[in-house]
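J.: A single structure is presented below for examination.
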Amino acid sequence: MATVKSPLLSQPGAVPAEGADEGVAAHYGDIFREQRALADGTGLVDLSHRGVLTVTGEDRLAWLHLLLTQHMTELPPGRATEALILSANGHVEHALYLVDTGDTVWAHVEPGSQEELIAYLESMKFFYRVEVADRTDDIAVVHLPAGSIAEVPETPGTTETVVVRETPHGRDLFLPRERLESYAAANGPLAGVLAYEALRVEAHRPRVGFETDHRTIPHELGWIGTAVHLQKGCYRGQETVARVQNLGKPPRRLVFLHLDGSEVHLPAAGTPIRLAADGEEGRQLGFVTTSARHHELGPIALALVKRNVPVDAALIAGTTAASQETVVEP
């Protein structure tokens, strides 16, 4: 699938992101200023590379209820939620960030993942009265931080309504793509995805493809309660969720790391985690998933470690000293 390239990459100072976030700006010249702006509730983040899909039809909520980990049948219009699609073995495959408008469910997903996701959804339609559409080409996602006073734009002369998904972390706007440049010009300053990711790491929020691998289950990342509803069943992978919930023993757990600030380089994703007492030759107990430089906390990271790693143990990420904060209880 071709990368969706944002027109905001032509803005002064824009440096293109690489990897999973290719197509939007990593930053616009000052990463820490951009972070501070978002933390203060100003500016916006261009997430127009993310996949967008809609589900319409009178059976949309009942149908999604059968497929997703989240309770959907009584989701009121305008209430944001998130949900997962699991494999038959309970491993995380997709995360959807959702809102229902009363006649349409809107969702954004990881860049480039929408085609595979839509193919799965189409295969599960059966007799349900639903329609699934890929809206990535005509709809851009824009993130406004918590506390932002930016207004939701009108769309005169069009039938497309700007959809807002409001969460404790801010508002996600589903904006007609042709309005992206004008909206950004009126509601800047712009912040790149590096600033957005640093605040995501600070908030301990997992991301598919970053904190997940081929065997990740929801309990390991703290998705129980936010993306998984424990009082429903009948979705693919539910047996694994129920078994782990009842036994209380996920094999790994997400931790937040404060990294040694004297190091020049951040440990890359996949960097081994070991006990500091054992040194670089010790047994690997986990790995870094995302690292970032934070405007107040300095270098930080999320990591997955074995469940039985002591919560007060001093760790090293590669050669970098790291102290941990518990995200998921062992």
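The values are calculated or read from the model by the stated rules, or taken from the named source; none is laboratory data. No experiment lies behind these values; they were computed from the predicted model shown. No Cβ is skipped: glycine too gets one built from the backbone with ideal geometry, and neighbour counts run over all protein chains shown. Heavy atoms of the whole protein, side chains included, go into the accessibility calculation; ligands, DNA and RNA do not. Shrake-Rupley method; radii C 1.70, N 1.55, O 1.52, S 1.80 Å.
J.: Filter the range 6-17 down to the residues that are in contact (Cβ under 8 Å) with a residue 24 or more places away in the chain and of a type outside the set (A, V, I, L, M), then identify the one that is farthest from V208 (Cα to Cα).
T.: Q11
J.: Criterion first (assigned by the TED database to the domain that holds P176 and either under 21 Å from H295 (Cβ atoms) or free of Cβ contacts under 8 Å to residues at least 12 places away in the same chain (or both)) does A20 satisfy it?
T.: Considered against the rule, which asks whether it is assigned by the TED database to the domain that holds P176 and either under 21 Å from H295 (Cβ atoms) or free of Cβ contacts under 8 Å to residues at least 12 places away in the same chain (or both), A20 comes out as no.
J.: Which condition number does R252 fail, the rest of (1) at pLDDT below 95; (2) buried (at least 21 other Cβ atoms within 10 Å of the Cβ); (3) not β-branched (V, I, T) being met?
T.: Only one criterion in (1) at pLDDT below 95; (2) buried (at least 21 other Cβ atoms within 10 Å of the Cβ); (3) not β-branched (V, I, T) is unmet by R252, namely (1).
J.: Let me ask something additional. Hey, W223 hits all of (1) closer than 29 Å to A37 by Cα; (2) open to solvent by 10 Å² or more (accessible area, probe 1.4 Å); (3) among the aromatic types (F, W, Y) but one; which does it fall short on?
T.: For W223, the failing item is (2).
J.: Quick check, is E263 in contact with an Asp or Glu (Cβ under 9 Å, 6 or more places away or on another chain) and among the acidic types (D, E)?
T.: no
J.: Quick one: in the range 6-60, which of the residues that are in contact with a His (Cβ under 6 Å, 6 or more places away or on another chain), part of a strand (DSSP E or B) and open to solvent by less than 50 Å² (accessible area, probe 1.4 Å) is farthest from P145 (Cα to Cα)?
T.: Looking at residues that are in contact with a His (Cβ under 6 Å, 6 or more places away or on another chain), part of a strand (DSSP E or B) and open to solvent by less than 50 Å² (accessible area, probe 1.4 Å), I get V52.
J.: Being farther than 25 Å from R50 by Cα, open to solvent by 60 Å² or more (accessible area, probe 1.4 Å) and either over 20 Å from the mean Cα position of the chain (by Cα) or at pLDDT 95 or above (or both) narrows it down to one of L230, L266, so name that one.
T.: From the options L230, L266, the qualifying one is L230.
J.: Let me ask another. Go through R283, R236 for me and flag whichever is in contact (Cβ under 8 Å) with a residue 24 or more places away in the chain and either open to solvent by 50 Å² or more (accessible area, probe 1.4 Å) or in a loop (DSSP other than H, G, I, E, B) (or both). Let's see the steps before the verdict.
T.: Working: R283 fails: in contact (Cβ under 8 Å) with a residue 24 or more places away in the chain.
Only one candidate passes the filter, namely R236.
J.: Within the range 104-201, which strands (runs of 3 or more DSSP E) (wholly inside it) include 3 or more residues that are surrounded by 20 or more Cβ atoms within 10 Å (Cβ to Cβ) and assigned by the TED database to the domain that holds E34?
T.: 139-145, 170-176
J.: Give the range 298-312 a look and list any residue that's open to solvent by 20 Å² or more (accessible area, probe 1.4 Å) and closer than 15 Å to P272 by Cβ, or say none.
T.: Across the range 298-312, the qualifying residue is only K306.
J.: Report yes if I316 is open to solvent by less than 70 Å² (accessible area, probe 1.4 Å), over 28 Å from D30 (Cα atoms) and β-branched (V, I, T), otherwise no.
T.: Criteria met by I316.
J.: Can I ask one more? Keeping to the range 292-321, report how many residues are hydroxyl-bearing (S, T, Y) and either at positive phi or touching a Pro at 6+ places or on another chain (Cβ under 6 Å) (or both). Talk me through it step by step, then tell me what you get.
T.: Initial filter on the range 292-321 (hydroxyl-bearing (S, T, Y)): 319-320.
Next, from what is left, pick out any that are either at positive phi or touching a Pro at 6+ places or on another chain (Cβ under 6 Å) (or both): 320.
The number of residues fulfilling the criteria is 1.
J.: Quick one: would you say L254 is touching an Asp or Glu at 6+ places or on another chain (Cβ under 7 Å) and either under 27 Å from T69 (Cα atoms) or aliphatic (A, V, I, L, M) (or both)?
T.: yes
J.: On to the next question. Hey, does the range 78-97 have a residue that's touching a residue at least 60 places away in the same chain (Cβ under 8 Å), touching a Gly at 6+ places or on another chain (Cβ under 7 Å), in a strand (DSSP E or B) and open to solvent by less than 10 Å² (accessible area, probe 1.4 Å)?
T.: yes
J.: Then there's this: Applying the selection to the range 291-328, what residues are in a strand (DSSP E or B), closer than 30 Å to A191 by Cβ and not aliphatic (A, V, I, L, M)?
T.: Selection gives S291, R293, H294, G298, P299, T320, S323, Q324, E325, T326.
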